[in-house]
Amino acid sequence: DTAEVRLDDSHGKMGGVPGREAKVRESLQSYKYISPPLSLLETVYLDAFWEQVCVLYPRWLAPNVITLVGFLFISAAFVATLCLDPTAEGRIPGWCLLLIAVCGFIYQTMDGTDGKQARRLRCGSAFGELFDHGCDALTSSMYAIFSAEILDVGVSSKVGAIFILNAQLAFYCSNLTLVHLQRQEIRWFDSQEMQALVQACGLVKALAPWVLTRSISLPLHGSLSAMVRGTLKSMSAAVGTSLTPRVVSVGPSSEQVVQIQVEVRVLCILIGLCAPIQHAISTSIRLFGHYWWYSASNKSRANGRGVSALVGHISSILSWYCAALATHTVCVAMSSSTVMVAWVVIAMLGFGDLMNRTLVERVANIPSPSLPELVTLPGPVGLVALASICLSPNLSTLGRPGGGGTSAVGVPGIAQTEAGLTPGVLYLGCLGAVLCTAVLYLHYVVATGNTICRALDVCWFSVPTCSTSTSTRSTTSARLRTRSPSSSNLKT
């Protein structure tokens, strides 16, 4: 184990401070998993289906292996999508849409059965939760890419970027309830329903694409209709996609009822744009309300909990949201699919790293990086590198006569050069930014994972046997003691 994490600073490093390692080990071993409530589809059929699937697993199959296999399936669909349509503008063939639906279903099933296998084998641990939620953090961005592909919005548009960042925002806020309330709050329409919706839309587009372009008539009151149309018109101008409904008929003046038509595709886009924002706002209010009402009984809190920690968490995800969206604007000006793929991968890995550090803060009682320290994390480093590559053709004209114009990305004082970057240089630059982000991300994952495994005496991808060996040794020692002359009169 060459990769080690030291626990002597806010990044969760191990060693150095006397007693700190023992405290972290105590926090990890005192971890208790509390099952969240079931969502709508879990109540209807998913939970019972997962129970039947879990029985089929052999007892030597580790829960983390189940998680990893499901993640590999969804990653295969993600790679196929980006290879066939790098900008996710709805150009993939029907078989790839079926692949998204099938791989998504396999991932959803394995993600739902890994915890049941852990409870079946009685080998659940804090590390298992970290591994599971770490994979889920990456797949939240993958599902956003699938949504952009199925709904023909593309990642080069603002809608596509907001899809990805909204999915990350919703996932982060959902896990904040796990950090601050010690139990993840699940709503009746949550991640399982969103995954099922994406899978269903993929099947529909592959088998009956006309369904997504079919218009639905909605009768609305006159004033409400005007407000809805005005809101959608403003949203259309903001995101660069037509969302304005079409008025088809107007009822009697006494009723003032207006019939408007909205495409199914537009309704799905509105769900992707609005639902995560509403979820994030309501969750933030719920958490602040929790500390407001229970402040008297929560004077002493572990790291990661409390009003100041909550403000830090919300500031971190909002800073990440704004930085990623600003970098997206710079990347779009390059009109390069290579740059957009690099932005997608960096955004996915950067959010995964931020989520991992927040979850480690919960289970190991280690404070996550403060807001100024976020710039040193893999995500911000990758975004800065990518933005520098996109702006590098423009920087060469600074200080030259006639070089004080405005570039394609709207940066005053920078004029666009005629030559710009060659495709080969651009490709190598984007590849370097992605590899830099990936290496930093994997280093933290492996180092932290090895440290937690050593603290808990467990392995990454095998069923723990250490507890069994320990209990066996204890039983043997007890038997030897009872056979000794000094303890021959003792009853056991």
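The values are calculated or read from the model by the stated rules, or taken from the named source; none is laboratory data. Quick caveat, the model's predicted, so the values are computed rather than measured. Note that we place each Cβ from the backbone using ideal geometry, even for glycine, and neighbour counts take in every protein chain shown. Remember, those area values only see protein heavy atoms, side chains included, never the ligands or the DNA or RNA. Shrake-Rupley method; radii C 1.70, N 1.55, O 1.52, S 1.80 Å.
Summary table
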item	result
Answer from ILE66, ILE92 - the residue that is farther than 23 Å from VAL204 by Cα, aliphatic (A, V, I, L, M) and surrounded by 22 or more Cβ atoms within 10 Å (Cβ to Cβ)	ILE66
Qualifying positions in the stretch 329-387 - in contact with a Phe, Trp or Tyr (Cβ under 9 Å, 6 or more places away or on another chain) and acidic (Asp, Glu)	ASP353
Residue match in the stretch 369-376 (condition: open to solvent by less than 50 Å² (accessible area, probe 1.4 Å) and under 30 Å from GLU129 (Cβ atoms))	yes
Candidate set: the stretch 142-152, residues that are open to solvent by less than 20 Å² (accessible area, probe 1.4 Å) and over 17 Å from the mean Cα position of the chain (by Cα); chosen: the one farthest from CYS96 (Cα to Cα)	LEU151
Pairs, first within 18 Å of PHE163 (Cβ to Cβ) in the stretch 266-291, second assigned to a helix (DSSP H, G or I) and open to solvent by less than 30 Å² (accessible area, probe 1.4 Å), C-beta under 6 Å, six or more apart	GLY272/SER147; GLY272/PHE163; PRO276/ASN166; PRO276/LEU169; PRO276/ALA170; HIS279/ALA170; ALA280/LEU169; ALA280/CYS173
Residue that is modelled with the lowest pLDDT [pool: residues in the stretch 23-34 that are open to solvent by 60 Å² or more (accessible area, probe 1.4 Å) and not in a loop (DSSP other than H, G, I, E, B)]	LYS23
Subset tally (residues that are open to solvent by 60 Å² or more (accessible area, probe 1.4 Å), closer than 20 Å to VAL198 by Cα and aromatic (Phe, Trp, Tyr)) for the stretch 35-63	2
Single condition ALA77 does not satisfy, out of (1) in contact with a Ser or Thr (Cβ under 9 Å, 6 or more places away or on another chain); (2) closer than 22 Å to VAL345 by Cα; (3) open to solvent by less than 10 Å² (accessible area, probe 1.4 Å)	(1)
Flag if VAL360 is farther than 29 Å from VAL153 by Cβ and not charged (D, E, K, R)	yes
Flag for GLY134 being at pLDDT below 90 and open to solvent by less than 40 Å² (accessible area, probe 1.4 Å)	no
Residue match in the stretch 272-280 (condition: open to solvent by 50 Å² or more (accessible area, probe 1.4 Å), under 29 Å from ALA148 (Cα atoms) and either more than 21 Å from the chain's Cα centre (by Cα) or modelled with pLDDT under 85 (or both))	no
Extreme residue, modelled with the lowest pLDDT, among residues of the stretch 202-216 that are open to solvent by less than 60 Å² (accessible area, probe 1.4 Å) and outside any loop (DSSP other than H, G, I, E, B)	SER215
The stretch 118-145 residues that are closer than 16 Å to PHE73 by Cβ, paired with ones that are open to solvent by less than 10 Å² (accessible area, probe 1.4 Å) and not in a helix (DSSP H, G or I) (beta carbon under 7 Å, 6 or more apart)	ILE145/ALA88; ILE145/VAL155
Number of positions in the stretch 309-334 that are under 15 Å from LEU169 (Cβ atoms) and either of a type outside the set (A, V, I, L, M, F, W, C) or touching a Lys or Arg at 6+ places or on another chain (Cβ under 7 Å) (or both)	6
Single condition ALA80 does not satisfy, out of (1) more than 18 Å from SER147 (Cβ to Cβ); (2) free of Cβ contacts under 8 Å to residues at least 40 places away in the same chain	(1)
Any pair with Cβ under 8 angstrom, 6 or more apart, that starts in the stretch 95-117 at a residue that is under 19 Å from ALA144 (Cα atoms) and ends at one that is open to solvent by 20 Å² or more (accessible area, probe 1.4 Å) and basic (Lys, Arg)	LEU97/LYS205
Qualifying residues in the stretch 320-336 (those that are open to solvent by 50 Å² or more (accessible area, probe 1.4 Å) and of a type in the set (Gly, Ala, Ser)) - the one nearest to the chain's Cα centre (by Cα)	ALA326
Any pair with Cβ under 6 angstrom, 6 or more apart, that starts in the stretch 345-371 at a residue that is modelled with pLDDT of 90 or more and ends at one that is open to solvent by 20 Å² or more (accessible area, probe 1.4 Å) and β-branched (Val, Ile, Thr)	VAL345/VAL434
Any chance SER10 is hydroxyl-bearing (Ser, Thr, Tyr), modelled with pLDDT under 90 and open to solvent by less than 80 Å² (accessible area, probe 1.4 Å)	yes
The stretch 283-306, residues that are touching a helix residue (DSSP H, G or I) at 6+ places or on another chain (Cβ under 9 Å) and at pLDDT 85 or above	THR283, SER284, ARG286, LEU287, PHE288
Residue among PRO63, PRO93, PRO37 that alone is modelled with pLDDT under 90 and on the phi < 0 side of the Ramachandran plot	PRO37
Whichever residue in the stretch 46-87 is under 23 Å from the mean Cα position of the chain (by Cα) and of a type in the set (Asp, Glu) and, among such residues, is nearest to VAL458 (Cα to Cα)	ASP47
Single condition SER488 does not satisfy, out of (1) of a type in the set (Ser, Thr, Tyr); (2) surrounded by 10 or more Cβ atoms within 10 Å (Cβ to Cβ); (3) at pLDDT below 50	(2)
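One line per residue, one yes/no per condition, for (1) in contact with a His (Cβ under 9 Å, 6 or more places away or on another chain); (2) hydrophobic (A, V, I, L, M, F, W, C); (3) in a helix (DSSP H, G or I):
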residue: ILE92; (1), (2), (3): no, yes, no
residue: VAL102; (1), (2), (3): no, yes, yes
residue: ARG119; (1), (2), (3): no, no, yes
residue: ASP136; (1), (2), (3): no, no, yes
residue: ALA170; (1), (2), (3): yes, yes, yes
residue: ASN175; (1), (2), (3): yes, no, yes
residue: GLU185; (1), (2), (3): no, no, no
residue: ALA200; (1), (2), (3): no, yes, yes
